[in-house]
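Notes follow once the structure below has been shown.
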């Protein structure tokens with residue numbers, strides 16, 4: 001089931017009401033059944049993969065905790081890691097591997113269950129945490145199964161940690177209206193991002209990236225910026241809906257996005273973009289590799305490796321690996337040319353990422369670093385979005401074609417986009433609203449700020465917002481979330 | 001439980017407030033909008049005006065603009081109807097035939113246009129296609145609409161504001177005026193007819209041919225077979241025809257593509273014993289841009305000439321006119337308004 005479907009619009013209110021009516025001690029069973037139904041609605045067979053993952057990791061976590069010797073513990077962890085990564089590699093990367101090695105394709109087409117990359121990483125993180133003794137293995141299979149399959153975050157995250165989510169699932173709660181109300185408002189923000197902004201941008205982006213040979217010049221730059229906004233709204237919209245949805249059931253999921261395009265460096269960008277994944281890579285890949293507490297050369301290798309793996313996680317394709325590699329290079333460059341002389345770890349969302357902003361000084365410099373970071377991120381997005389490497393090369397090499405005649409350069413783009421003035425205005429209003437919302441989010445929690453206002457202020461705001469979603473949402477445009485494919 | 005009930009009540013208040021405003025905006029929008037389904041208006045007059053259609057055609061905009069019945073209706077008294085509409089696919093042609101079957105004369109001649117893109121889908125996303133086909137909800141009964149969706153039905157009839165898209169700006173008259181002023185200050189350059197047609201031809205070609213996994217879908221071919229079977233069962237004389245295009249449009253399609261297209265149409269024609277006439281590259285039209293309103297649509301003058309040409313060259317049409325008396329009903333201008 002996807003969040004922006006009619007089925008979900010019926011499913012959620014029913015689940016919400018029944019959950020709170022249900023006796024507290026049985027609620028987890030109800031939520032588990034609802035999560036299974038939610039997942040099986042897409043394809044019933046997906047549940048087999050999910051259940052197998054849950055059974056294997058549940059058993060291995062208990063086994064490695066009770067193991068008598070460290071070597072046995074290590075062996076159990078290794079089995080878990082190999083099994084989880086092995087299944088993911090087989091289902092997601094087999095085709096890609098065969099393609100680049102030129103080996104013949106197998107006769108059987110393997111299915112790729114939606115969300116497998118997310119729940120594989122979540123369970124892998126759980127196993128490693130238990131191995132490290134960060135927390136104890138869960139002994140109740142029902143709660144553990146719910147931890148793996150909790151429907152709001154099942155398909156595209158945020159990737160939860162065992163110590164953050166499991167205790168919440170076990171907790172006996174009473175209904176918290178403030179939490180639920182916050183959840184609904186956050187869901188509305190998510191729907192606005194996905195249905196309105198991403199929905200409006202999708203057709204143009206798809207058109208240009210689907211047929212780059214039909215376009216030239218400035219239109220590529222516009223399409224790249226549009227894609228940057230589209231993917232952000234699509235994914236952060238999904239996350240907002242997921243976090244809001246969990247809040248309806250009194251459960252707090254971790255934040256995943258914090259106005260990433262207002263970052264002043266690539267390091268800061270990664271502390272604001274897909275936070276649950278970047279912290280996952282920090283804790284389970286980057287730091288085990290040695291992090292920044294090694295020689296400069298090793299540090300560079302660690303950064304590059306982490307980002308290359310991150311790229312590969314996103315998809316089985318050279319373009320994703322390149323995208324990860326470019327971000328790795330950015331990080332290495334930032335560490336190498338850092339003016340304050342400190343080689344801070346580049347992949348630390350909780351590191352003092354604001355230091356550089358504060359020290360940078362001067363509004364102009366800040367504006368420059370903001371623009372430079374945004375365009376550097378956009379440059380990498382070209383590889384992420386392009387269908388082939390030659391498409392990416394075409395877009396990059398011909399983006400400035402004809403710029404010597406600047407007015408013609410702009411005019412050609414306007415003609416190519418084939419948009420009326422009315423449509424451009426229609427497109428710009430939601431994008432401006434989004435930028436305003438993100439900018440305000442840097443200073444305060446916008447939802448809490450509005451909620452604190454008098455009733456005659458906040459209620460019209462809610463109604464205006466819902467109306468904006470209803471009126472501006474693109475109906476009939478591709479409804480899938482971009483990150484489902486990962 | 002009390003807190004839960006209070007929360008639910010607050011949610012309901014917001015929902016009701018939203019609905020109230022939505023109704024108000026919808027009402028206002030219905031007053032200011034231009035009917036986006038105006039090309040479907042003609043169907044509303046079938047029941048009151050027609051009962052014995054003698055000559056008609058199906059098809060997309062190619063058929064809509066190529067078949068011009070003014071002369072046959074006004075001058076000669078035949079009852080004719082143009083069932084074609086922009087982007088109309090064969091499944092909707094079939095739906096229209098099924099819905100209006102009782103309005104056809106016992107001896108009816110029907111032109112079934114076949115365009116280069118007739119066997120593929122203009123949009124590949126099913127939901128997008130459903131919204132594009134919302135116009136059929138204004139005159140077809142639900143049972144005839146392929147993949148009927150009650151949600152689209154409700155939006156089309158009662159909440160058009162929800163599908164208004166950029167038209168929503170019309171709710172704010174001051175803004176619309178500013179936009180018009182801006183547009184008037186930037187008149188489009190006259191780049192010459194040929195250049196304009198060439199550009200439009202390319203756009204249309206890309207719209208229909210890009211991002212398609214298959215150009216000749218089995219489903220569309222089956223739809224055409226269904227239409228031809230329907231005609232046979234109901235005594236309708238069917239004629240398959242490809243309407244004229246400018247050379248600027250035809251040249252965009254490769255010879256291989258045209259060969260494959262032609263082969264498929266010939267097979268259908270032979271299988272069903274239906275005559276097929278191809279005017280797509282007829283030099284009388286292809287090089288005369290004055291017959292066209294754009295690269296692949298005839299204008300009124302071109303359509304009038306085309307009707308004369310097919311009357312002479314399509315034996316089924318000529319014979320039909322010579323053996324069938326006009327029913328005298330002729331032309332009722334109401335539907336054209």
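Values computed for the structure shown
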{"quantity": "Fewest-first ranking of A:450, A:469, using other Cβ atoms within 10 Å as the exposure measure", "calculated": "A:450, A:469"}
{"quantity": "Over chain B, relative contact order from alpha-carbon pairs under 8 Å, at least 6 apart, %", "calculated": "26 percent"}
{"quantity": "Computed E for residue A:26/residue B:24 - FRET, C-beta separation, R0 56 angstrom, nearest 0.05", "calculated": "0.80"}
{"quantity": "Estimated inter-spin distance, residue B:31 and residue B:311, nm [label 7 Å along Cα→Cβ]", "calculated": "4.9 nm"}
{"quantity": "Spin-label zone in segment B:3-32 - amide nitrogen under 14 Å from a point set 7 Å from the Cα of residue B:158 along the C-beta vector", "calculated": "B:19-20, B:22-24, B:26-27"}
{"quantity": "Order of B:55, A:447 - criterion: other Cβ atoms within 10 Å of each residue's Cβ, fewest first", "calculated": "A:447, B:55"}
{"quantity": "Amide N proximity, segment A:59-103 versus residue A:45 label position 7 Å along Cα-to-Cβ, cut-off under 16 Å", "calculated": "A:91-92"}
{"quantity": "Projected label distance in nm at residue A:337 and residue B:195, using a 7 Å step from Cα toward the beta-carbon", "calculated": "4.3 nm"}
{"quantity": "Mean Cα-pair separation over length for chain A, i.e. relative contact order, pairs under 8 Å, 6 or more apart, %", "calculated": "18 percent"}
{"quantity": "Antiparallel bridge percentage (DSSP; both residues within the protein assembly as shown; nearest 5)", "calculated": "5 percent"}
{"quantity": "Directionally averaged shadow of chain A, computed from the convex hull of its alpha-carbon atoms, nm²", "calculated": "25.9 nm²"}
{"quantity": "Whole-number percent relative contact order across segment A:6-174, with pairs defined as alpha carbons under 8 Å at least 6 apart", "calculated": "31 percent"}
{"quantity": "Span from the segment A:420-472 Cα centroid across to the segment A:132-197 one, whole angstrom", "calculated": "26 Å"}
{"quantity": "Distance (nanometres) between label positions extended 7 Å along Cα→Cβ at residue A:435 and residue A:398", "calculated": "2.8 nm"}
{"quantity": "Max mean-square fluctuation residue, GNM over chain B, Cα-Cα springs under 10 Å, options B:108, B:15, B:231", "calculated": "B:15"}
{"quantity": "R0 of 25 Å, Cβ-Cβ distance residue B:9-residue A:252: FRET efficiency to nearest 0.05", "calculated": "0.50"}
{"quantity": "Sorted by Cβ density within 10 Å, fewest first, the residues B:110, A:6, B:99", "calculated": "A:6, B:99, B:110"}
{"quantity": "Kirkwood Rh and Cα Rg combined as Rg/Rh, segment A:6-174", "calculated": "1.02"}
{"quantity": "Cβ-Cβ FRET estimate between residue A:78 and residue B:214, R0 fixed at 41 Å, reported to 0.05", "calculated": "0.30"}
{"quantity": "Between segment A:1-57 and segment B:10-83, the Cα center-to-center distance that results, in Å", "calculated": "44 Å"}
{"quantity": "Over the protein assembly as shown - Rg/Rh using Cα atoms and the Kirkwood inverse-distance radius", "calculated": "1.01"}
{"quantity": "Fully extended contour minus Cα-Cα distance, from residue B:138 to residue B:288, at 0.36 nm per residue", "calculated": "50.3 nm"}
{"quantity": "Proportion of all alpha-carbon pairs of chain B beyond 34 Å (%)", "calculated": "33 percent"}
{"quantity": "For segment A:14-88, alpha-carbon Rg relative to the globular expectation (2.2 N^0.38 Å, N residues)", "calculated": "1.48"}
{"quantity": "Highest-fluctuation residue, B:46, B:241, B:227 considered, GNM on chain B with Cα pairs under 10 Å", "calculated": "B:46"}
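Every number in this text was worked out from the coordinates using simple rules, so none of it is lab data. Model, not experiment: these values are computed from the prediction. Cβ atoms come from the backbone with ideal geometry, glycine included; neighbour counts cover every protein chain shown.
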